[in-house]
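In what follows, a structure is listed as structure tokens, so that the remarks can point back to it.
Any read-out appearing in this document is the output of simple, stated calculations on the displayed coordinates, not a laboratory observation. These numbers come from a predicted model, not from an experiment. Neighbour counts are summed over all protein chains in view; Cβ atoms, including those assigned to glycine, are modelled from backbone coordinates with ideal geometry.
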Amino acid sequence: MNKITLLLVALLMLSEISFAQEEKEEENTEFKISAQYRARGEYRDGYKVVLTEDQSGLPIISQRMRLMFDYKNDKIETKISVQDVRSWGQTPVVDFGKTQATTPIMVKEAWAKYKFNDNFGIKLGRSQLRYGDSRLLWCKDWSNYGASHDVAILQYKKSGLLIDFGFTSNATNDWKYNFIEADDYIVSNYKNMLYLFASKKLGDALTINFMDVARGYQKLATPETVYVSNSVGLNPVFKSNGIKFDGSFYYQMGKVASGADLSAYMYTANLSYKLNSFNLGAGYDAYSGKAFDDTDPEVKKFQTCEYGGHKFLGSMDFFLTLPEAGINDINVKLSYSLSKTTSFALAFHNLNLINDWQIAGNTIDKALGNEIDISFKHKLAKGVVLVGGYSTYLTTESFEELKGVGAGNSKNLQWAWMMINFTPTFFVSK
């Protein structure tokens, strides 16, 4: 990340701090206790995994429960969120404490924010991160566990300009520093991260988002060596008279966790038009890679980090890990609002490799098939929403070869799901 850029951001934020303010009596205090309970039933007959004709689908029910405590006043804002995630049946009906088959209740969020003034504050603790078009940092809400980061964030907001400057340094645990100088970080995270998000609203229709994320990964069993990758890019968003354009370009440089040099990119362009109850859109996503005969040791596959995988490249999540050859997605989306409480959506994805790729010495066709996703959403009552959907993937021989089942061996891949989401508010005090 450019040092001059960081210095300018720091000076801008520090200029907003007023140390001469007198202490005022707390005003506008609010305390809220709320929760989320959601249960999702699925029939997985090809979700994430390519099945063959002799393999059967699997019905599964999972649930997530979150309990959230929010507090804020003129100077302080805090949030504590705990969650329990489980699949139905993973623990005995009568356990007697003899098994550990369930994940214990865990802290999802635990952060506090201090506001120096109306424009500038600092937020510390375990937080969900949501920025721009979610290609680099996202909370992964489709996953029952989601994604959270232990991070410090300087936040500035004024006159249509929003800046978040976040930084973190991770360690396996703090007691090790009593014995050694450098922590051999063994958790499957980045070891440190520095990021800058800036968003500027230009008039009523146009917003420009800028994102720069630098992540450091420790060399295996070598605490003193950290390889840093940097992802930087722009995300313009235009909305006017029912027309929306949302595009982005991100470039990656530096080194990956193995120490190899990195040079990769992704870009996307999405255009939609809303007319009364209909919304029709089309888009194109491209993630870089390299051809099978490219002998350059440089890594050219885009590193997706915690991107919102379920949001892109089809809902069946076959490409959470991108192909080495790179991939593109031509998609068309249609949604229809039947009423204020009910809506339907249809998405079509045409997926292809970007570069030539060989398997067992044979160059495969770049066409990877098509995915069709159908979904609905219905609000049953305040704080109660029912959603569901059905997806199918139309395979090609190249897709089957790439997924390791062999050409012509996959069954009809399909996935159906239904989820109910409760979001009650138990208590509010103002």
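Inside segment 295-339, residues that are part of a loop (DSSP other than H, G, I, E, B) and more than 30 Å from Asn362 (Cα to Cα) make up a count of 6. Go through the residues of segment 115-129 one by one and say whether even a single one is surrounded by fewer than 19 Cβ atoms within 10 Å (Cβ to Cβ) and under 25 Å from Tyr251 (Cα atoms). Yes, because at least one residue in segment 115-129 is surrounded by fewer than 19 Cβ atoms within 10 Å (Cβ to Cβ) and under 25 Å from Tyr251 (Cα atoms).
Of all residues in segment 340-371, count the ones that are β-branched (Val, Ile, Thr), assigned to a strand (DSSP E or B) and either under 22 Å from the mean Cα position of the chain (by Cα) or within 22 Å of Asn270 (Cβ to Cβ) (or both). Number satisfying all stated conditions: 0.
Here the condition is being charged (D, E, K, R), assigned to a strand (DSSP E or B), over 17 Å from Tyr37 (Cβ atoms) and touching a residue at least 24 places away in the same chain (Cβ under 8 Å); of Arg126, Arg66, Arg135, Arg86, it holds for Arg126 alone. Just one of the listed residues (Phe292, Phe245) is surrounded by fewer than 19 Cβ atoms within 10 Å (Cβ to Cβ) and either part of a strand (DSSP E or B) or of a type outside the set (A, V, I, L, M, F, W, C) (or both), namely Phe245. Scanning segment 257-279 for residues that are part of a strand (DSSP E or B) and buried (at least 16 other Cβ atoms within 10 Å of the Cβ) turns up Leu262, Ala264, Tyr265, Met266, Tyr267, Thr268, Asn270, Ser272, Lys274, Asn279. Look at Val151 and say whether it is surrounded by 15 or more Cβ atoms within 10 Å (Cβ to Cβ) and under 17 Å from Ser229 (Cβ atoms). Here the answer is no, as Val151 does not meet what is asked.
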